[in-house]
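Visitor: Could you have a look at this structure, given as structure tokens, before my questions?
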Amino acid sequence: MDNATLIEQIEALPYWYHKIEITDGIVTPGWAPINQDAYKIPSNLSGKRVLDIGAWDGFWTFEALKRGAKEVVAIDDFSDFLGTLQKGDRRSWDTFDLCRSALGYAEECCKRVEMSIYDISEKRLGRFDLVFFFGTIYHLRYPLLALDLISSLCDGEVFVESAILDDYSAFQGGLERGYPGKQMVMEFYPGNQYGENESNWWSPTLYCLTNMVYAAGFNKDIEAWKLVERPKKLSSCRGFVHGRKT
């Protein structure tokens, strides 16, 4: 595919979440990830089998393959519309497929499956060395169940990224009105209280999220960190947890 055709196909799609560099300086017009280095994903994933949950356009799927993963399985159920997108703005796997084709990855090593996280199982997907669980857990009605299901098919490591309450609370006044320090707190949103997005159900403190990951069995070398130490906007109020199986 020539560059002009590629650019035309990228621009024809109504919404891009991820900013993905394809080739020759061609980058999809998304905005995430805000800070790739903050995710602390190992530079060498040689031989790893990776599950990317909530893959959207596939940034981290393709990044894992660039870093040597032998196979990545991407899943998404296309249930998040960010509180503002129209139904037609999310074109199922169209953005993912366009990038996969342009980057030259075969389906054998770069699979994608439309499914809910509640349907993942070893029988359906096999076992994994590494799981990416980014921007998804706070969209779930049953976050602990999701972590347990991940644990049931992962033999190695999990990386979790989530909205966190340390610097922001929807019920305590917004920014700089959160729960700093090691407070074991999670807020529940029955409506669109968090980010005006009705698909946002929960937000934990970083300490609470760490202990949730620990309770799911990823209790070795567990570490947690914030995207931004003193965030000035809601989109920067994010936390990360990394843990390994014992």
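The values are calculated or read from the model by the stated rules, or taken from the named source; none is laboratory data. It should be emphasised that the depicted structure is a prediction, and the values quoted were computed from it without experimental measurement. Cβ placement follows ideal geometry from the backbone for every residue including glycine, while neighbour counts extend to all protein chains displayed.
Visitor: Of the residues that make up the range 20-27, is at least one surrounded by fewer than 11 Cβ atoms within 10 Å (Cβ to Cβ) and at negative phi?
Guide: No, that holds for no residue.
Visitor: For the range 16-35, how many residues are outside any loop (DSSP other than H, G, I, E, B), touching a residue at least 12 places away in the same chain (Cβ under 8 Å) and not small (Gly, Ala, Ser)?
Guide: Residues that pass the stated criteria total 4.
Visitor: Please count how many residues of the range 229-241 are surrounded by fewer than 16 Cβ atoms within 10 Å (Cβ to Cβ) and either among the hydroxyl-bearing types (Ser, Thr, Tyr) or in contact with a helix residue (DSSP H, G or I) (Cβ under 6 Å, 6 or more places away or on another chain) (or both).
Guide: Total satisfying the criteria: 1.
Visitor: Could you please find all residues in the range 32-66 being touching a Ser or Thr at 6+ places or on another chain (Cβ under 9 Å), aliphatic (A, V, I, L, M) and within 12 Å of Phe132 (Cα to Cα)?
Guide: Val50, Ile53, Ala55
Visitor: Go through Leu98, Leu82, Leu103 for me and flag whichever is under 19 Å from Pro29 (Cα atoms) and exposed (fewer than 15 other Cβ atoms within 10 Å of the Cβ).
Guide: Unique residue meeting the criteria: Leu82.
Visitor: Now, a different point. Quick one: would you say Val131 is part of a strand (DSSP E or B), farther than 24 Å from Arg230 by Cα and out of contact with any Lys or Arg (no Cβ under 9 Å at 6 or more places or on another chain)?
Guide: Judged against the criteria, Val131 is a match.
Visitor: Residues that are crowded, with 23+ Cβ neighbours inside 10 Å, touching a residue at least 40 places away in the same chain (Cβ under 8 Å) and not β-branched (Val, Ile, Thr): which strands (runs of 3 or more DSSP E) entirely in the range 144-212 hold 2 or more of them?
Guide: In the range 144-212, the matching strands (runs of 3 or more DSSP E) lie at 154-163, 202-204.
Visitor: Going by the conditions given, is Lys220 surrounded by fewer than 22 Cβ atoms within 10 Å (Cβ to Cβ), under 21 Å from the mean Cα position of the chain (by Cα) and basic (Lys, Arg)?
Guide: So Lys220 does not fit the description; no.
Visitor: Return the residues of the range 228-246 that are closer than 17 Å to Ser169 by Cβ and either part of a loop (DSSP other than H, G, I, E, B) or hydroxyl-bearing (Ser, Thr, Tyr) (or both); say none if nothing qualifies.
Guide: Of everything in the range 228-246, those that are closer than 17 Å to Ser169 by Cβ and either part of a loop (DSSP other than H, G, I, E, B) or hydroxyl-bearing (Ser, Thr, Tyr) (or both) turn out to be Val228, Arg230, Pro231, Lys232, Lys233, Ser235, Ser236, Cys237.
Visitor: Tell me, which residue of the range 38-62 that is surrounded by fewer than 22 Cβ atoms within 10 Å (Cβ to Cβ) and assigned to a helix (DSSP H, G or I) is farthest from the chain's Cα centre (by Cα)?
Guide: Filtering first and then ranking leaves Ala38.
Visitor: Here's something else I'd like to know. For the range 122-162, which residues satisfy the criterion of being of a type in the set (Ser, Thr, Tyr) and under 19 Å from Ser79 (Cβ atoms)?
Guide: Thr136, Tyr138, Tyr142, Ser162
Visitor: Another question about this same structure. Are any of the residues in the range 102-111 assigned to a helix (DSSP H, G or I), among the hydroxyl-bearing types (Ser, Thr, Tyr), on the phi < 0 side of the Ramachandran plot and at pLDDT 95 or above?
Guide: Scanning the range 102-111 turns up no residue that is assigned to a helix (DSSP H, G or I), among the hydroxyl-bearing types (Ser, Thr, Tyr), on the phi < 0 side of the Ramachandran plot and at pLDDT 95 or above.
Visitor: Continuing with the same structure: Starting from the range 213-226, take each residue that is farther than 16 Å from Ser151 by Cα and list its partners that are outside any strand (DSSP E or B) and β-branched (Val, Ile, Thr), counting only C-beta distances under 8 angstrom and pairs at least six apart or across chains.
Guide: As it stands, the answer is Ala224/Thr210; Lys226/Ile164, since those pairs meet every condition given.
Visitor: Take the residues in the range 158-181 that are of a type in the set (D, E, K, R) and out of contact with any Ser or Thr (no Cβ under 8 Å at 6 or more places or on another chain); name whichever of them is farthest from Tyr214 (Cα to Cα).
Guide: For the range 158-181, the residue satisfying everything is Glu176.
Visitor: Residues in the range 2-29 that are of a type in the set (Ser, Thr, Tyr) and at pLDDT 95 or above: how many?
Guide: Of the residues in the range 2-29, 1 are of a type in the set (Ser, Thr, Tyr) and at pLDDT 95 or above.
Visitor: Further, regarding this structure: Looking at (1) among the β-branched types (Val, Ile, Thr); (2) modelled with pLDDT under 95; (3) touching a Leu at 6+ places or on another chain (Cβ under 6 Å), which is the only condition Val241 fails?
Guide: With respect to (1) among the β-branched types (Val, Ile, Thr); (2) modelled with pLDDT under 95; (3) touching a Leu at 6+ places or on another chain (Cβ under 6 Å), Val241 is out only on (2).
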